[in-house]
Amino acid sequence: MQQLLNGIFIGSIYALFAVGFALVFGILDRLNLAHPAVFAASAFIGIELVTVGGLPFWAALPAVAVVGALLGLIVERVAFRPLKGRPDAHFAGLISSIAVAGMLIALLQWRYGAETRRFPADAFPATRFDVLGAQVTLLQVVIVAVCLALVVGLTWLVARSRLGRGMRAVAENPTAARVLGVNVDRVTATTFAISAALGAVAGALFAMNVNSAQLTMGSAIELKGLAIIVVGGMGSLPGALVGGLLLGVAEVFAVQYLGSAWRDLIAFALLFGILLLRPQGLFGGRRARQV
Amino acid sequence: MLTESTVTFIALGAIFAFSFYAVLYAGQLSLGQAGFASVAAYTSVLLAPDPAVVGDLPALLVALVIGTTAGAAAAIVLGLPTMHLRGVFLAIATLGFAEAVRIFALNAEWTGGAQGMSVPKIVTPAIAWIVLAVVAYWFWRSGPTRYGRALEAIREDELAAGAMGIDVGRHRLGAFGTAGAVAGLYGVLWAYTVRLVSPADFGFTAAIDGLVTAMVGGTTVFVGPVVGSAFLTVIPEVQRALGVEAGWIRPFVAGLLLLVVILFLPGGLAGWVPRRIRVPDISGDGDLDADHPELRTREHAPRGDVVVRLAGLSKDYGGVHAVRGVHLEIRSGELLGLIGPNGAGKTTLVNMVSGLVAPSSGEATVLGVTAGRAPVHRVAAAGVSRTFQHSKLFGRLSALENVLVGGHLVIRPTLVRRLLWLPSARRDERAALAHAARCLRRVGMLDAATTRANALSYGDQRRLEIARALAADPSLIVLDEPAAGMNQVEAGELARLIRSLADDGLAVLLIEHNVGLVRQICDRVVVLDFGEVIASGAPTDVAADPRVVEAYLGTEA
């Protein structure tokens, strides 16, 4: 039981991270490899806000989301918008976002140095609960609640709101959306901002969960995020949620039964199986090829 | 500044970048190269003889051969099940493979785990550059061959490439295998340079570095990877020489430069290298039908033979019956017009004839093959060539190169002979160019031979598509709305051209909305409405048929 819960805690963070990935891919058909850098940056910023700014940890989360959204806007502006209309935009976007990610990590190194950062010891309440014989801290409950609330909120936003309609229109056909009066540039920028805000919250939560932040934390979760969105179905938001939870639980059990060395193999075994058997992912729809 | 190790690492980086270039050239993004390199490095270190016994150079040579083979084998084993994946999916699947290899190497006993296996240092700058020269030679010589052009065609438009008779799957797998072999070379050289095979050197970061080097250098010109590697290896050296040592400035500047290159130099650093295209002088040549022994022209069915037989052909999309029970025959030398209102199923019908769409029921026998069951390139090889309703040219290639790709089926392969520098390869390539030029002349576009396809006017693009289709020396040519968007004068010229094709003995299937044009030139007209043939016969009879008038204009109330 304890293992299952631990898996769900870490899995919900994976899910939140992957949802941000999936949002940009599903709507704009671009893979934003600066997403993990935003994830790492927000962990450091969150720690600074709590340590230096004296904010309680729950108040740091919205602040981090705002910072993340700003970073998302910058990434879109610098790495993706200039590529519009290029025939190689797909590959070039990968590279330009890698470049921006490199610059972002370099800036982090400048501001925070290369060492691991931690939250102050008394940042989190010590409240513990007993759930079916398993120990759960208040922090972990908050993590799961925040992740689920954000993913559900985002799904609602995309499905129901005016902005969501614009997003889906852009996903279907950007040219037609523009003709129909959708401000494609603004929808694109907003999508990046929301995606990055989610990645930022995921980064701060991740840092709280393990109480540390490192420069390399982004690349560690990057591959997992990719695996999750493939397993869930590229661009599918519920798919990313289920995929994230699945991966978190699978990892925890893999550590218990196979040993920690093989934990990271789980994601890729899952990834490979899904790609071969069901390339559109668990929740992805098949897109027809056009002649 | 250029120390011995810098010189070596430029060569190594370029070789690794070539393994990305090999697939990017064909429009595929694989991130598995680090995995291929690591498989190759471990295998060769394990199997190669001890340098202390046989001497350094022989040991390295054996290791390189083993590594190349192991890398290519790994790539093909990975490539076979993942060939149906496209774009980012392929990238992620291959990345997953590379990670799996790395984790395996980290945890297995015989690989030495995270410590790795230590090997002697054998590679000198000279050796690294010689291997690089060999790799670059391969890509230099293979570029302007039938094989190289086929890869470029797949990059530009996979569907159109298949319709030109290119076996897309085999070419993609070929590119994959090449990438694996080159990555294998890199893996072995790397090990014998840094004296260590360790999983950490073949991780995600390594894959990204290789991709970045290839993209920065440029993925359409063979010198790209070398330029990219020189650029990226020298930046940190220059910074060090300038005294920029603060830990964060170096990666920041590197990222900034990368961004600038990607945003402002779309073809990479090597993008300024002009593509040399010489248009051959064909003023003394005969017409297309003249005998050309260097080309593999086909035997055409005699005039009047049935080349297409459709028996009860139907296609349903969900509940929509796009085409219903069509029976139709087309004969050599016949110009058959296919007309009908929008959405009548015309394009679906010709897609089934050319093998792009499999019928739901019924059978299409086209030049002896069953279209829809045989792969597209097999149908094309039987002698079917087509144009597309929405122009599907290879946009970044010149008009002449587009037609050269169209001639894939008649041009002889010259890759091996070009690598060996045989004079016959030059002769055959020249014949291929002359053939393409003649096709361009036939549609009146020889003047635009060196223009990039996506820079041509709409009408010129339609004509170029016809030239490209003609280059395959087809027995049946399918033209899907070739006159769309043309003015009166252009359409008139086009009508004469199409008529002359049928007069030369080709079977021509023409879809057209311009009923006047169809009446003027077609031998026979078939009218499709709601997927069914509602009239067929001589143009004047069909035009007078009340059901046709009704389909086009509606009934009188």
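Taking amide H positions as modeled 1.01 Å from N, with prolines and chain starts lacking one, the residues under 5 Å from B:ARG524 and 5 or more places away or on another chain are B:LEU335, B:GLY337. Counting only other chain Cβ atoms within 10 Å of each residue's Cβ, the peptide B:260-271 averages 3. Compared with the dominant principal axis of the Cα atoms in chain A, helix A:35-51 is inclined by about 40°.
Can you tell me which of A:ALA169, A:ALA65, A:ALA41 moves the most in a GNM of chain A? Springs connect C-alpha atoms under 10 Å apart. Checking each option, the largest mean-square fluctuation is seen for A:ALA169.
Residue-wise HN-Hα couplings along region A:239-252, as the Karplus relation 6.51 cos²θ - 1.76 cosθ + 1.60 with θ = phi - 60° gives them from phi, are x, 5, 5, 5, x, x, 4, 4, 5, x, 5, 4, 5, 4 Hz; Gly and Pro carry x. When you filter the chymotrypsin sites (Phe, Trp or Tyr not before Pro) in region B:53-140 for DSSP loop state and at most 11 other Cβ atoms inside 10 Å of their Cβ, you are left with B:TRP110. Relative to one another, the C-alpha centroids of region B:91-158 and region B:224-247 are positioned 23 Å apart. Each residue, B:ARG373 and B:ALA538, gets one label point 7 Å from its Cα in the Cβ direction; the gap between the two is 3.8 nm.
Computed about the Cα centre, the dipole magnitude for chain B is approximately 900 debye when only Lys and Arg (+1) and Asp and Glu (-1) carry charge, each at its Cβ. Between B:ALA52, B:LEU151, B:ILE262, the Cα set farthest toward the positive side of the dipole of region B:4-271 (charges on each charged residue's Cβ, about the Cα centre) is that of B:LEU151. Where Rh is the Kirkwood radius over the Cα pairs of region B:56-174, the temperature 20 °C and the viscosity 1.002 mPa s, what D in µm²/s does Stokes-Einstein return? Roughly 123 µm²/s, to the nearest whole number.
Given a Förster radius of 22 Å and the C-beta distance between B:VAL134 and B:VAL273 as r, what FRET efficiency does 1/(1 + (r/R0)^6) yield to the nearest 0.05? It comes to 0.60. Of the chymotrypsin sites (Phe, Trp or Tyr not before Pro) found in region B:14-50, none is in coil by DSSP with at most 13 other Cβ atoms within 10 Å of its Cβ. The distance separating the Cα centre of region B:466-528 from that of region A:103-130 comes to 70 Å. FRET efficiency for the B:VAL416 to A:ARG162 pair, using the beta carbon distance and R₀ = 60 Å, is estimated at 0.45.
Other protein chain C-beta atoms within 10 Å of residue C-beta, averaged over A:258-268: 4. Just check region B:4-271 against the gyration tensor rule for me: Cα atoms, a ≥ b ≥ c as the square roots of the eigenvalues, rounded for a/c under 1.5, and otherwise prolate or oblate depending on whether a/b exceeds b/c. Judged from the Cα gyration tensor, region B:4-271 comes out oblate (a/c at least 1.5, b/c at or above a/b). Applying 1/(1 + (r/R0)^6) with R0 = 56 Å to the Cβ-Cβ distance of B:THR124 and A:ARG178 gives a FRET efficiency near 0.45.
Output the 0 to 90 degree angle, nearest 10, between the alpha-carbon long axis of helix B:33-47 and the longest principal axis computed from the alpha carbons of chain B. For B:33-47 against chain B, the angle is about 50 degrees.
Qualifying chymotrypsin sites (Phe, Trp or Tyr not before Pro) in region B:384-479, where qualification requires a DSSP coil assignment and no more than 16 other C-beta atoms within 10 Å, comprise B:TRP421.
Taking a straight line from the alpha carbon of A:LYS84, these lysines sit under 30 Å away, with near neighbours fewer than eight places off in the same chain left out: A:LYS224, B:LYS392. Here the translational diffusion coefficient of the protein assembly as shown follows from Stokes-Einstein with Rh set to the Kirkwood radius across Cα pairs; for 25 °C and 0.890 mPa s it amounts to 83 µm²/s. Across region A:152-271, the mean sequence separation of Cα contacts (distance under 8 Å, 6 or more residues apart), normalised by length, yields a relative contact order of 14 percent. Compactness ratio for region A:58-191: Cα radius of gyration over 2.2 N^0.38 Å (N = residue count) comes to 1.41. Label separation (B:LEU57 vs A:GLU115): 5.3 nm, computed from points 7 Å beyond Cα along the C-beta direction. Modelled label positions at B:GLN488 and B:GLU550, each set 7 Å beyond Cα in the direction of Cβ, lie 3.4 nm from each other.
Taking Lys and Arg as +1 and Asp and Glu as -1, the other residues whose beta-carbon sits under 15 Å from that of A:VAL136 total 0. Kindly identify region A:160-233 as rounded, prolate or oblate by the Cα gyration tensor criterion: order the square roots of the eigenvalues as a ≥ b ≥ c, call it rounded if a/c is under 1.5, otherwise compare a/b with b/c, prolate if a/b is larger, else oblate. Because a/c hits 1.5 or more and a/b exceeds b/c, region A:160-233 counts as prolate.
Averaged over peptide B:86-96, the number of partner chain Cβ atoms lying within 10 Å of each residue's Cβ comes to 6. Starting from 0.36 nm per residue, how many nanometres of slack lie between B:THR3 and B:ARG430 once their C-alpha separation is accounted for? Between B:THR3 and B:ARG430, full extension yields 149.3 nm more.
Laboratory data are not the source of any read-out in this text; all were calculated from the coordinates shown. What you see is a predicted model, and the numbers here were worked out from it, not measured in a lab. Using ideal geometry, Cβ is built from the backbone for each residue, glycine included, and neighbour counts are taken over all protein chains shown.
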